[in-house]
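Comments concern the structure below.
The values are calculated or read from the model by the stated rules, or taken from the named source; none is laboratory data. These numbers were taken from a predicted model, which means no experiment stands behind them. For neighbour counting, all protein chains shown are included, and Cβ atoms are generated from backbone atoms with ideal geometry for every residue, glycine included.
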Ligand code: PA5
């Protein structure tokens, strides 16, 4: 199992900037017990948005995903995922972590004949054009993913790509499309029905950022040969473990409570996530979205304006030791830093002892594995010396089983801390507003009122600027 090391948040180690963990765990034990019990009791309640807790038990989906992957096996050179936010980040983070590094640059044999995988999660015209220049669309399976079925970024990408596919393949283009969307609502579902695309469902009551264990994540991962049974196994074992209502045995609850108290009692509201592995780089992106969209809320459940704001920051070890750590050690003491440490890498890489006569001989003969983990330990201890709270998550290895544990643990941590803050962690009203303004600016039917409101605001702001 993955484990959480809380040593460097204890006041015994970092003094008054730390927490008396035993006391905090005891004090909050009843609250945590209540939260975990309620989450489990309400998980099937329609509208509670807790269906993500059931995703690992959906055997039918897993079966259909595997069947589809087997059916298209060998037919495509590329998988192109179109999606944004929660519809892209999970599969992006997991494929980057789990596939061999530089996957898309490897020849087919080294990829065990599985396709390359690309994600378009932005609408940069140069990037899209660049990608279309290098992809043979005839040999590309496009997985368009949008729960709402109408997100402007994803659907505009899809319109461009569908058009090109149609030019190349005529009516057969649909064989190169698989859509993942709501079971009945939304424009993409309507299109899929009309055009006859193969489809997968984003289950009800699962928000995008909690959807990685649904078809949203599983389809792209299975298509490139990753072991989704192991992912499900990792989900299930972590789910079982996190059903334990005793905070002393529940790492998601510990992680949530520590972050909550650090924010509320110590003014440390910034949450830095820093894996010591390049393969885990996008895990930080996924975590940042999960944390930011779930916890950044204007109102609590009582309707009081609180502007809740624990703020995620992405970092990468060891790279960012040479960029951010100076600030974390000596700057404002307003952060909790979480390291993800990989205990055993896939490769053991020896540093040759070639410069014996120089000051580099302390490196020669050691492994680079030892160096990266020594740096992780050294950074954690230095931060503790500076009284900076930090946690370490130990990942025994980078594989499907442990990463699924990690992702589910973060999801549960987010749900628990949301309850501690007394906010709705599963909506995103702040995103919807900007989405609506975009529709208005692009002249979407039904958004005329928003368009008028927006124009008025823009003009008023301009006038204000001119008067300065
Ligand atoms: O987590 C979320 O709910 C969001 O980030 C969505 O995933 C994102 O806005 C994309 O939405 P959709 O899947 O409807 O295209």
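Here is how the numbers come out for the structure above:
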{"quantity": "Restricting the stretch 414-440 to residues that are assigned to a helix (DSSP H, G or I) and closer than 18 Å to residue 53 by Cβ, the residue that is farthest from the ligand (Cβ to nearest atom)", "calculated": "420"}
{"quantity": "Qualifying residue in the stretch 443-453 (condition: within 21 Å of residue 269 (Cα to Cα) and within 16 Å of the ligand (Cβ to nearest atom))", "calculated": "no"}
{"quantity": "Residue 144 being within 26 Å of residue 234 (Cβ to Cβ) and within 16 Å of the ligand (Cβ to nearest atom)", "calculated": "no"}
{"quantity": "Qualifying residue in the stretch 340-350 (condition: surrounded by 15 or more Cβ atoms within 10 Å (Cβ to Cβ) and more than 30 Å from residue 309 (Cβ to Cβ))", "calculated": "yes"}
{"quantity": "Failed item, numbered, when residue 180 is tested on (1) out of contact with any helix residue (DSSP H, G or I) (no Cβ under 8 Å at 6 or more places or on another chain); (2) within 23 Å of residue 122 (Cβ to Cβ)", "calculated": "(1)"}
{"quantity": "Residues within the stretch 276-301 that are buried (at least 21 other Cβ atoms within 10 Å of the Cβ) and within 12 Å of the ligand (Cβ to nearest atom), tallied", "calculated": "5"}
{"quantity": "Of all residues making up the stretch 387-408, the number that are within 13 Å of residue 226 (Cβ to Cβ) and either more than 13 Å from the chain's Cα centre (by Cα) or at pLDDT below 95 (or both)", "calculated": "4"}
{"quantity": "Residue under evaluation residue 118, criteria (1) touching a residue at least 60 places away in the same chain (Cβ under 8 Å); (2) more than 16 Å from the ligand (Cβ to nearest atom); (3) touching a strand residue (DSSP E or B) at 6+ places or on another chain (Cβ under 7 Å), criterion not met", "calculated": "(1)"}
{"quantity": "Strands (runs of 3 or more DSSP E) contained entirely in the stretch 73-174, each with at least 1 residues that are under 30 Å from residue 442 (Cα atoms) and more than 19 Å from the chain's Cα centre (by Cα)", "calculated": "78-82, 140-146"}
{"quantity": "Check on residue 262, out of contact with any helix residue (DSSP H, G or I) (no Cβ under 6 Å at 6 or more places or on another chain), surrounded by 19 or more Cβ atoms within 10 Å (Cβ to Cβ), more than 24 Å from residue 89 (Cβ to Cβ) and touching a residue at least 40 places away in the same chain (Cβ under 8 Å)", "calculated": "yes"}
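One line per residue, one yes/no per condition, for (1) more than 13 Å from the ligand (Cβ to nearest atom); (2) in contact (Cβ under 8 Å) with a residue 12 or more places away in the chain:
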residue: 151; (1), (2): no, yes
residue: 154; (1), (2): no, yes
residue: 158; (1), (2): no, yes
residue: 173; (1), (2): yes, no
residue: 178; (1), (2): yes, yes
residue: 192; (1), (2): yes, yes
residue: 198; (1), (2): yes, yes
residue: 207; (1), (2): no, yes
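Yes/no per residue for (1) within 26 Å of residue 436 (Cβ to Cβ); (2) surrounded by fewer than 21 Cβ atoms within 10 Å (Cβ to Cβ):
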site	(1), (2)
139	no, yes
146	yes, no
159	yes, yes
167	no, yes
171	no, yes
206	yes, no
210	yes, no
217	no, no
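For every residue, the table says whether it meets (1) in contact with a helix residue (DSSP H, G or I) (Cβ under 8 Å, 6 or more places away or on another chain); (2) surrounded by 20 or more Cβ atoms within 10 Å (Cβ to Cβ); (3) without any contact (Cβ under 8 Å) to a residue 40 or more places away in the chain.
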residue	(1), (2), (3)
72	yes, no, no
79	yes, yes, no
86	yes, yes, no
91	yes, yes, no
95	yes, yes, no
99	no, yes, no
102	no, no, yes
108	no, no, yes
